[in-house]
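Chemist: Input: one structure, supplied below.
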Amino acid sequence: MADGSFASILTFVGTGIIVFIAIGYIAVDTAFGVSSGLQPKPSEPYLSYGLFTVYLVFPLVAIVIFMVMQTIIVVRFLAVRRPLLWLFCAFVCFAVAQALMFAASNKICTGSDGKIDGAFFATLLDTAAIVCIYGFWSTITVDDSEEYDDVYKY
C-alpha cells in the first residue's frame with residue numbers, strides 16, 4: 001500500500017495522527033497529572049515509565065521490526081545482499097548515536113566545558129543513519145519514472 005494512492009496516504013496520515021494523540025496524551029498526563037495514572041511518584045519525580053516507553057522503547061521496537069522486515073524482503077524476494085550493507089550501516093550509526101547520547105554525553109559535555117554534549121554527535125549520526133536508509137531504499141528500487149511520462153502532462 002505504499003503506492004501513493006489515497007488509501008495509502010490516508011493510512012499513513014491516520015496512523016500518524018493516532019500515534020501523535022497517544023504520545024501527546026502520555027506526555028501531558030505525565031507532566032500535568034490529568035488523570036494521575038501516569039504521574040511520577042513524589043519520591044522519584046524524574047522517573048516516568050510511560051514516557052520512557054513512548055520515547056525510547058517504542059522507537060527501538062519499531063526500528064527492530066523495520067530492520068527484520070526489510071531484511072526478509074531483501075533476502076527472500078530480491079535475492080541481493082548489497083542493500084543489507086546500507087541497512088547495517090544505518091543500524092550501526094543509530095546504535096552509536098544512542099550510545100553517545102546516553103552513555104557518553106556527560107563525559108563529552110564535561111570535556112568540552114559544556115559547549116557540546118552527546119546530542120550533537122547523536123544528531124550527526126542519526127542524520128547519517130537516515131542517509132543510509134535512503135541509500136538502502138535507492139538500491140532496492142528501480143527507476144520506473146519513464147512509465148509515467150504520459151500520466152503527467154505539463
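The values are calculated or read from the model by the stated rules, or taken from the named source; none is laboratory data. Computed from a predicted model, the values in this text were never measured in an experiment. Virtual Cβ from ideal backbone geometry, glycine too; neighbours counted across all protein chains shown. Surface accessibility is based on the protein's heavy atoms, side chains included, excluding ligands, DNA and RNA. Shrake-Rupley method; radii C 1.70, N 1.55, O 1.52, S 1.80 Å.
Chemist: Which ones in the range 22-33 are surrounded by 13 or more Cβ atoms within 10 Å (Cβ to Cβ) and among the aliphatic types (A, V, I, L, M)?
Modeler: Listed by number, the residues that qualify are 23, 26, 27, 28, 31.
Chemist: Quick check on the range 117-138. Is at least one of its residues touching a Pro at 6+ places or on another chain (Cβ under 8 Å) and under 28 Å from residue 56 (Cβ atoms)?
Modeler: Yes, there is a match, as at least one residue in the range 117-138 is touching a Pro at 6+ places or on another chain (Cβ under 8 Å) and under 28 Å from residue 56 (Cβ atoms).
Chemist: So how many residues does the range 81-102 have that are over 20 Å from residue 131 (Cβ atoms) and among the aliphatic types (A, V, I, L, M)?
Modeler: Residues in the range 81-102 being over 20 Å from residue 131 (Cβ atoms) and among the aliphatic types (A, V, I, L, M): 0 in total.
Chemist: Of all residues in the range 34-52, how many are open to solvent by 90 Å² or more (accessible area, probe 1.4 Å) and outside any loop (DSSP other than H, G, I, E, B)?
Modeler: Number of matching residues: 2.
Chemist: On to the next question. List pairs: first in the range 52-81 and over 25 Å from residue 98 (Cα atoms), second aromatic (Phe, Trp, Tyr), Cβ under 9 Å, 6+ apart or cross-chain?
Modeler: Matching pairs, first to second residue: 74/136.
Chemist: Mind checking whether some residue in the range 22-33 is aromatic (Phe, Trp, Tyr), over 24 Å from the mean Cα position of the chain (by Cα), in a helix (DSSP H, G or I) and farther than 23 Å from residue 98 by Cβ?
Modeler: yes
Chemist: Here is a follow-up. Check whether at least one residue in the range 7-21 is touching a helix residue (DSSP H, G or I) at 6+ places or on another chain (Cβ under 8 Å) and open to solvent by less than 90 Å² (accessible area, probe 1.4 Å), and report yes or no.
Modeler: no
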